[in-house]
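The values are calculated or read from the model by the stated rules, or taken from the named source; none is laboratory data. All of these numbers come straight from a predicted model, not from anything done at the bench. Don't worry about glycine lacking a Cβ; one is built from the backbone with ideal geometry, like all the others, and counts go over all protein chains shown. All accessible areas refer to the heavy atoms of the entire protein, side chains included, with ligands and DNA or RNA removed. Shrake-Rupley method; radii C 1.70, N 1.55, O 1.52, S 1.80 Å.
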Amino acid sequence: MHIDYEIWYNDENREDLINEIKFSYKEGLIPSDYSYEQIIELEKKKANMTDSELFAYDILLTNSFQKLATHLHCGKTNPNAIYENWDIPQKSIALSEILYKAIKLRIVATTFKELKPQHSTYNSLKKSLIKLNSLPEYKLKKIYLTDKVEPNDTLNEIVQIKKHLIYWKDFKNRDSIITPIYDKYTVQAIKRFQKRHGLSPDGVIGQGTLKALNITQNERREQIYANLERWRWFPDDFGDEYLLINLPDYKLSYVLNNDTIADRRIVVGKPSRETPILSSKLSNFVFNPTWTVPPTIIKEDLTPSALKNRNYFNRNRISIYDSKGQLVTPENWNSSKAKSYRYVQIPGYDNSLGLVKFNFPNRHSVYLHDTNHRDYFVREYRALSSGCVRIENPLQLSETILRKEDEKKWNKSEIDTIINRKTTRYIPL
């Protein structure tokens, strides 16, 4: 006999909840955070519980449901307490409504499935966690190197390097004895390892490769936990068409209907001027943009350079305007009032924003744009900007997006005509 105030009287609902808690480790969560051990013990005693004990157990189950649902959908932590440059609104969840529907329709398992992030990257991380947990216990020694290791080098540390590569399944030893020779097979294995870790696959074992080799199984596991948590902070749905900017990978992807239409290398904010983490909507493209120098660059770059040489303004094609909008010559520029002026760079191939800018609403005054430093894209380390994201071959990307808006109107010829006019043109999206 069940009593009126009991919510979790149905065996199927309780079983589904207990299973979700039990397997929450697959989401990078900890089952004991949701009273798993206590619930298992109480479930064994349920048939002999008094009304008051049933009531207490019911509350425990409800609290565990609500806590797990919140953590799966919104994350365990507040990103704003961790990151200064985080600017995505925290998600919320209507717990009472979700609980009521799950219990009434007996869809507890389905409810939890729908609360989890559906992004492909999140699911890939979960697969990586399963693969990582299937590996044997990690007992490898840390590798120490003072110099780079080149192909055909012979040194004792190569034995440990090979053991690490064997553990991570990048290398299969061809002999029963592990030799200290950096042979062609180990070079191939290192290149695979480097590529998997976002390193330049040159086969040379430098400090970057060494650092990646020395990361332990548990450190990798914690990295996956952290990234699963980050993905729970992101919006549930990016829409059918979006640009996804992966800051640490220096990569932009244009996704349409779950298919990646284009990839681009990017330059992102340097550590002292990090690119903010945000979600917004493209509002317009600006072809042949002017560039108004932002306050940080006025303070840290423009003013010191102009103090050394007033020709800085002419050399960089920057016009100076006072608070009344009047043009000021470099000779009459007052360095003590440098912050009171507005500095505008005229359009052109060598403009700091290049030939096109992608605008979207945000409070950081950042955007995506072309650049006059196109040589930066061949570099491995590309955290070099003042916060905005610079895109390789942005005109082609803008054409691809605009053709989706109006295929008959937009093509390379139309965009080339706009660029050749050298006048600023705004294209709403």
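Can you tell me the orientation of helix 184-196 relative to the chain, as the angle in degrees between its alpha-carbon axis and the longest Cα principal axis, to the nearest 10?
Rounded to the nearest ten degrees, it is 90.
Taking every pair of distinct Cα atoms and averaging 1/r, then inverting, what Kirkwood hydrodynamic radius in Å comes out for the stretch 99-195?
Kirkwood radius, the stretch 99-195: 17.0 Å.
With runs of 4+ DSSP H residues as the only contributors, calculate the mean residue ellipticity of the chain at 222 nm using -39,500 (n - 2.57) per run, divided by the residue total and rounded to the nearest 500.
-11500 deg cm²/dmol
What do you get for Rg/Rh of the stretch 22-179 when both radii come from the Cα atoms and Rh is the Kirkwood radius?
1.16
Pick out, from ILE82, GLN66, ASN10, the residue whose Cα sits farthest towards the positive end of the charge dipole of the chain, with +1 on the Cβ of Lys and Arg and -1 on the Cβ of Asp and Glu.
ILE82
With respect to the cross-link table entries LYS76/LYS139; LYS251/LYS357; LYS126/LYS270; LYS131/LYS270, which display a Cα-Cα separation exceeding 26 Å?
Working: LYS76/LYS139 31 Å; LYS251/LYS357 17 Å; LYS126/LYS270 30 Å; LYS131/LYS270 34 Å.
With Cα atoms farther than 26 Å apart: LYS76/LYS139; LYS126/LYS270; LYS131/LYS270.
Order 95-107, 283-295 from most to least packed using the mean count of other Cβ atoms within 10 Å.
Averaged packing, sorted descending, gives the order 283-295, 95-107.
Among (i) -0.39; (ii) -0.54; (iii) -0.48, find the value of log10 I(q)/I(0) by the Debye sum over Cα atoms at q = 0.07 Å⁻¹ that was calculated from the structure presented, and write down its label.
So the structure-derived entry is (ii).
Taking the simple approach of a point 7 Å from Cα along Cα-to-Cβ for both ASP51 and THR77, what is their distance in nm?
According to this spin-label approximation, the distance is 4.6 nm.
For the residue pair TYR349 and ARG421, what label-to-label distance in nm results when each label sits 7 Å from Cα along the Cα-to-beta-carbon direction?
So the label points at TYR349 and ARG421 sit 2.1 nm apart.
Could you give the angle, 0 to 90 degrees to the nearest 10, between helix 11-22's Cα long axis and the longest principal axis of the Cα atoms of the chain?
Approximately 50 degrees, to the nearest 10.
Can you give the accessible area of CYS74, probe radius 1.4 Å, in Å² rounded to 10?
Counting only protein heavy atoms, the figure is 20 Å².
Take the Cα pairs of the stretch 244-376, get the Kirkwood Rh, then feed it into Stokes-Einstein at 25 °C and 0.890 mPa s and tell me D in µm²/s.
After rounding, the answer is 147 µm²/s.
For helix 95-104, report the angle its Cα long axis makes with the longest principal axis of the Cα atoms of the chain; keep it between 0 and 90° and round to the nearest 10°.
Roughly 40 degrees, rounded to the nearest 10.
Could you please state how large a percent of the accessible area of the stretch 193-256 is carbon and sulfur, counting protein chains only and using a 1.4 Å probe?
On the way: 1560 of 3170 Å².
The value for the stretch 193-256 is 49 percent carbon and sulfur by accessible area.
Charges only on Cβ, +1 for Lys and Arg, -1 for Asp and Glu: so what's the dipole of the stretch 274-429 about the Cα centre, in debye to the nearest 20?
380 debye
Where in the stretch 210-239 is the amide nitrogen less than 16 Å from a point lying 7 Å along the Cα-to-Cβ axis of LEU256?
The answer is 239.
Going 7 Å from the Cα of ASP183 along its beta-carbon direction, which residues of the stretch 190-222 have the amide nitrogen within less than 16 Å of the resulting point?
Counting backbone N atoms under 16 Å from the label point, the list is 190.
Over the stretch 178-240, how many percent of alpha carbon pairs lie in each 10 Å bin up to the one with the longest distance?
Percent of Cα pairs in each bin: 18, 34, 26, 16, 5, 1.
What FRET efficiency do you get for LEU105 and GLU300 if R0 is 60 Å and r is their Cβ-Cβ distance, rounded to the nearest 0.05?
0.55
Please work out how much accessible surface TYR182 shows to a 1.4 Å probe, ignoring ligands, DNA and RNA, in Å² rounded to 10.
Roll a 1.4 Å probe over it and TYR182 shows about 0 Å².
For Cα pairs less than 8 Å apart in space and 6+ apart in sequence, what is the mean separation divided by the residue count of the chain, i.e. the relative contact order in percent?
Computed value for the chain: 14 percent relative contact order.
Work out how much length LYS22 to ARG379 would gain on full extension: take 0.36 nm times their residue separation and subtract the Cα-Cα distance, in nm to one decimal.
124.0 nm
For the chain, what is the accessible area per residue in Å², given a 1.4 Å probe and the full set of protein chains?
58 Å²
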